[in-house]
Amino acid sequence: MLQKNRIKKLPKDVADKIAAGEVVDRPVSIVKELVENSIDAGATSIVVEIRRGGKEYIRVTDNGCGIPKADLHLAFLRHATSKIVNENDLNNINTLGFRGEALASIAAVSRVEIVTKASDEKLGSRLQIEGGNIIGEGDTGCPDGTTIIVRDLFYNTPARKKFMKQDAAESTLIIDSVSKIALAYPDIRIRLINNRTTLFSTRGKGNIYENILIIYSKEIGDRLIEVNNQEEDYAIKAFISPLDLSRSNRKGQVFFVNGRHIESKVLEKAVSEGYKERLADGRFPLAFVFLTINPEYLDVNIHPNKREVRFYDSEKVQSFVVNSIQRALYSKGSLPEIKAKHIFQDKVEENNQEQVDIKTLLSHREPSDNIDNKEEDTNELKLSEITVTGSIFGTYITGFDQDSFYLIDQHAAHERVFYEKLIKLMEEMNSDSQVIISPFVINFPIAIKIESSQWLDKLKEIGYVLEEFGPKSFIVKAIPLCMNLSEAKSFLDDFLDQIGESSNTYYKKLDKIIINACKSAVKANDRLSPEEVKELINDLVKTKNPLTCPHGRPTLIKLSKYEIEKMFKRV
């Protein structure tokens, strides 16, 4: 409807309520802003308490620097902040908050009480605000730090109140948010209370891994692989899942940059690239990623919720994360492991079907004093040091090193070797060929022949020499140098089958076509001679990703000496 009212400046109470929507859209927004303020205030202990999903009551108490009495009124004015002074500071933000909007926005739509004391003041200060208006203030006795209580959220904006979810749903959002903050700040003791029940309490001992055990679960934590790397102005600490532990979605991936929990397509893509060809399609790893970079290379002033950031060199960030993950995955800790409990229990749990149920996992639990630091599994896997002992069932090569026994799937291993050879040939445009004494003919449907200009060059790039030989045929006169005649024929058959199935989209999925065409690799039950086994292992050692086949299945699994001794009850 067309409005013909005159333009005029809105009253302060109306303007504040509109602005509040940018920062405060539900209880979790308030909790996040208040906890971030506590962190910026230098707190070493933070207690968060909520009732009815935060709609009725939110309390955040910290032992930070407190707010001086002279600044308390200023703290509730929009764009009043102690964290930046001029626009140049926006290029080097080292705090979680900086907009100076949160307290004003919260106070505009709720009933707020704050009690605070700076260390150099004898008495604390108390302020009560309702709907943005001060209704009471005075001095009070209290310890150093700040307590903020928020009651009756959106009591004066009923339309916004209707959009809040059920209490349990709002509680879950808050629990998830505080959990992630606790991971990012292991040096701070953080306690979360929901409806008068303590959900978790971290110790503030600086141990991220310990907090993962407390907040999520020991079963998940025990299997995570630690990642540590630093290059120039970039540093990463992460905990990622081994190759046999994955999810059907990305909910198990949490990202932090300079202590700030963020959502990032750049980091999502980096994790996916790190696990490329290591997991089956549609599976995603668990990843707790903590990235530290020079603040000058980062823009956090994108959106009021501060969950979005912009990397000035996203390609460099992505490359750094990918390399760090892949280096960690090339370790013994990333291999699927046979354990005694899996052999002797009645029902083997499917690890890759576990779901992180935060509401169940965050049951009341006080941290134990005997939780050990996670020992970083930097035990690099050296395939060249595995002593091959033979094979079983005509399918699995057996071997051992100093502390583990291994089973190597000969088909998966050969697929990996075969695939990487082909990809390398195409990347290097290396068309080294070997002329064959007896050329052979390949036949296929006319539709594929008509489109041959789009795929023929790809075959030439890896060393095939083909010439037209009738309306439905090509004659093959030379094959790639890296293949024998049988492999070359089998690969061509599978390659053309894949093109036929992929129709007009095949050229967009060339990697997948080649992966599927690698069916021509050594099969299960193909008996290999000792010399062939040795050659296969040597070729596998040279690959970039020897731990999985191109489809994401493992090439080898291990049984540690310790697990063997457990089964024989020697330990």
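Taking the criterion of being modelled with pLDDT under 75 and touching a strand residue (DSSP E or B) at 6+ places or on another chain (Cβ under 8 Å), the only residue of segment 402-435 that qualifies is Leu425. Checked against the criteria, Glu296 does not count as at positive phi and in contact (Cβ under 8 Å) with a residue 24 or more places away in the chain.
Beta carbons closer than 8 Å, at least 6 apart along the sequence or on distinct chains, pair a first residue in segment 311-329 that is touching a residue at least 24 places away in the same chain (Cβ under 8 Å) with a second that is surrounded by 22 or more Cβ atoms within 10 Å (Cβ to Cβ) and among the aromatic types (Phe, Trp, Tyr) for Ile325/Tyr275; Leu329/Tyr275. The residues of segment 244-257 that are in contact (Cβ under 8 Å) with a residue 40 or more places away in the chain and in contact with a strand residue (DSSP E or B) (Cβ under 6 Å, 6 or more places away or on another chain), listed by number, are Ser246, Arg247, Val254, Phe256, Val257.
So, Leu153, is that one out of contact with any strand residue (DSSP E or B) (no Cβ under 6 Å at 6 or more places or on another chain), at pLDDT below 95, among the aliphatic types (A, V, I, L, M) and within 16 Å of Ile58 (Cβ to Cβ) or not? Spelling it out, Leu153 is indeed out of contact with any strand residue (DSSP E or B) (no Cβ under 6 Å at 6 or more places or on another chain), at pLDDT below 95, among the aliphatic types (A, V, I, L, M) and within 16 Å of Ile58 (Cβ to Cβ).
The residue of segment 280-311 that is farthest from the chain's Cα centre (by Cα), among those that are modelled with pLDDT of 85 or more and part of a loop (DSSP other than H, G, I, E, B), is Asn294. Test Asn211 against the stated conditions and say whether it is more than 24 Å from Ala70 (Cβ to Cβ), in a strand (DSSP E or B) and under 22 Å from the mean Cα position of the chain (by Cα). For Asn211, the condition - more than 24 Å from Ala70 (Cβ to Cβ), in a strand (DSSP E or B) and under 22 Å from the mean Cα position of the chain (by Cα) - is not met. When Glu337, Glu277 are screened for being closer than 23 Å to Ile212 by Cα and modelled with pLDDT under 85, only Glu337 passes. Among the residues of segment 136-159, write down those that are outside any loop (DSSP other than H, G, I, E, B), farther than 24 Å from Ile190 by Cβ and out of contact with any Leu (no Cβ under 9 Å at 6 or more places or on another chain). Correct list: Pro158, Ala159.
Can you pull out every residue in segment 37-47 that is of a type outside the set (Val, Ile, Thr) and surrounded by fewer than 22 Cβ atoms within 10 Å (Cβ to Cβ)? Answer for segment 37-47, where residues must be of a type outside the set (Val, Ile, Thr) and surrounded by fewer than 22 Cβ atoms within 10 Å (Cβ to Cβ): Asp40, Ala41, Gly42, Ser45. Taken as a whole, segment 82-100 holds no residue that is assigned by TED's automatic domain parsing to the domain that holds Val48, farther than 24 Å from Arg26 by Cα and modelled with pLDDT of 70 or more. Quick check on segment 101-130: of everything there that is closer than 20 Å to Lys32 by Cα and assigned to a loop (DSSP other than H, G, I, E, B), which residue is modelled with the lowest pLDDT? Checking each candidate, the answer is Glu101.
The values are calculated or read from the model by the stated rules, or taken from the named source; none is laboratory data. All values reported here derive from a predicted model rather than from experimental measurement. We place every Cβ from the backbone using ideal geometry, glycine too, and count neighbours over all the protein chains shown.
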